[in-house]
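Written out below as structure tokens is the structure these notes cover.
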Amino acid sequence: MKLFLREFVLDLSKVKLMGILNLTPDSFSDGGKLDTLEAVLAEARQMIAEGADILDIGGESTRPGAAEVSPEEEQCRVLPVLEALLPLGIPLSIDTRKPEVAQEALALGAHLINDVTGLRDPRMVALCARFQTPAVVMHMPVPDPQTMQQHTHYADAVLEVRSFLQQQAQKALEAGIPQVVLDPGFGFGKTAVQNLQLVRNLDRFAELGHPVLLGASRKKTIGELTGIQTPKERLLGSVAIHLAGVNQGAKILRVHDLKPHREALDVWEAVYSQ
Ligand code: HH2
């Protein structure tokens, strides 16, 4: 399975790592860390050296209850960084739910749009189709991080999330988007039990025929399972849950900590390549 990102081709026969670059003062685990262009460039270079295959640039926190950022503010955070990182020679994904931001980013040359609202906005679909750019279609029960944790009632979480992603993927492809990546949206309007159920059943998503992305890095469910309150210290739990996802068919992991994930994947691949 291959993912075509403009001039880049990602061969997903090996699991790929998407490094998280949060340009936000209020992200749940690393907010406010990257407040100059130099700091972002240094972080991006380090992520590449440590094994990132894609960088995901985000200018708005989507943690539960996060405040919304205006499109202008998000553009100011994201676009200069995108321009500065394009020469690094790695595919760049833009984590946005706003067509205004996606449009400018795509015009500059972004390689992938990561829409946590699952392409619900038809303008997002039209943009990705017009620029012939793939999109990550993620599930959240309502397109609103402020209230999503009030919507954790599913008759069957796996079935509902899967059918939402299947439907959105079909709409996207029919509209002319070249490829989609599916993401169950770990932590987005789900309880810990539901998050684990989704990871355990990722093969049901993989069977839809699109690459599956999992992003559980440092999230609250891992804190609940381990008792670790500080998100940055949830590394081992993050690696463990991501490897469980890889066992069930995840092809892209969205992570903060590149080096430990690369090492874990190298060992995992050695075990299964024999
Ligand atoms: N999780 C977050 C943000 N974007 N995109 C995808 N496709 N999948 C995810 O699981 C996902 C995502 C939330 O994590 P983070 O970016 O670390 O934090 P914040 O939203 O607080 O910036």
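Restricting to region 16-31, name every residue that is under 22 Å from L88 (Cα atoms), near the ligand (Cβ under 7 Å from one of its atoms) and outside any strand (DSSP E or B).
Once the filter is applied, which keeps residues that are under 22 Å from L88 (Cα atoms), near the ligand (Cβ under 7 Å from one of its atoms) and outside any strand (DSSP E or B), region 16-31 yields only T24.
Name every residue in region 215-274 that is under 23 Å from I113 (Cβ atoms) and among the hydrophobic types (A, V, I, L, M, F, W, C), in order of residue number.
A216, A250, I252, L253, V255, L258
Condition (residue is within 11 Å of the ligand (Cβ to nearest atom), at pLDDT 95 or above and within 30 Å of K190 (Cβ to Cβ)) applied to region 73-86: is it met by at least one residue?
No, region 73-86 contains no residue that is within 11 Å of the ligand (Cβ to nearest atom), at pLDDT 95 or above and within 30 Å of K190 (Cβ to Cβ).
Looking at region 215-254, which of its residues are in contact with a strand residue (DSSP E or B) (Cβ under 6 Å, 6 or more places away or on another chain) and within 27 Å of D26 (Cβ to Cβ)?
G215, S217, H242, G245, I252, L253, R254 - these are the residues of region 215-254 that are in contact with a strand residue (DSSP E or B) (Cβ under 6 Å, 6 or more places away or on another chain) and within 27 Å of D26 (Cβ to Cβ).
Return the total of residues in region 227-267 being touching a residue at least 40 places away in the same chain (Cβ under 8 Å) and either under 16 Å from the mean Cα position of the chain (by Cα) or surrounded by fewer than 19 Cβ atoms within 10 Å (Cβ to Cβ) (or both).
Number satisfying all stated conditions: 19.
For region 208-240, what are the residues that are of a type in the set (K, R) and at negative phi?
Residues satisfying the conditions are K219, K220, K232, R234.
In region 142-179, how many are open to solvent by 30 Å² or more (accessible area, probe 1.4 Å) and farther than 26 Å from L112 by Cβ?
So the answer is 9.
So that you can scan it fast, the table gives a plain yes or no per residue for (1) in contact with a Leu (Cβ under 6 Å, 6 or more places away or on another chain); (2) in a loop (DSSP other than H, G, I, E, B); (3) open to solvent by less than 40 Å² (accessible area, probe 1.4 Å):
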{"site": "L10", "(1), (2), (3)": "yes, no, yes"}
{"site": "K14", "(1), (2), (3)": "no, yes, no"}
{"site": "L55", "(1), (2), (3)": "yes, no, yes"}
{"site": "T62", "(1), (2), (3)": "no, yes, yes"}
{"site": "A67", "(1), (2), (3)": "no, yes, no"}
{"site": "E73", "(1), (2), (3)": "no, no, no"}
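Output the number of residues of region 200-220 satisfying the condition of being open to solvent by less than 10 Å² (accessible area, probe 1.4 Å) and out of contact with any Asp or Glu (no Cβ under 8 Å at 6 or more places or on another chain).
4
Which of the following residues is within 10 Å of the ligand (Cβ to nearest atom) and of a type in the set (A, V, I, L, M, F, W, C): A44, A66, A39, A52?
A66
Within region 200-223, can you find the residues that are away from the ligand (no atom under 16 Å from the Cβ) and either among the acidic types (D, E) or without any contact (Cβ under 8 Å) to a residue 40 or more places away in the chain (or both)?
Residues satisfying the conditions are D203, E207, G209.
Is it true that some residue in region 103-113 is within 14 Å of the ligand (Cβ to nearest atom), within 20 Å of L23 (Cβ to Cβ) and surrounded by 16 or more Cβ atoms within 10 Å (Cβ to Cβ)?
Yes, that holds for at least one residue.
Got a number for residues in region 18-41 being farther than 17 Å from K219 by Cα and either touching an Asp or Glu at 6+ places or on another chain (Cβ under 7 Å) or open to solvent by 60 Å² or more (accessible area, probe 1.4 Å) (or both)?
Going through region 18-41 one residue at a time, the tally reaches 7.
Does I94 qualify as being of a type in the set (V, I, T) and touching a Cys at 6+ places or on another chain (Cβ under 6 Å)?
So I94 fails the test.
Take G51 and decide whether it is exposed (fewer than 13 other Cβ atoms within 10 Å of the Cβ) and in a loop (DSSP other than H, G, I, E, B).
So G51 fails the test.
The values are calculated or read from the model by the stated rules, or taken from the named source; none is laboratory data. Nothing here was measured: the structure is a model prediction, and the numbers come from that model. Glycine gets a Cβ as well: all are built from the backbone with ideal geometry, and neighbour counts include every protein chain shown. The area values use the complete protein model at the heavy-atom level, side chains included, leaving out ligands, DNA and RNA. Shrake-Rupley method; radii C 1.70, N 1.55, O 1.52, S 1.80 Å.
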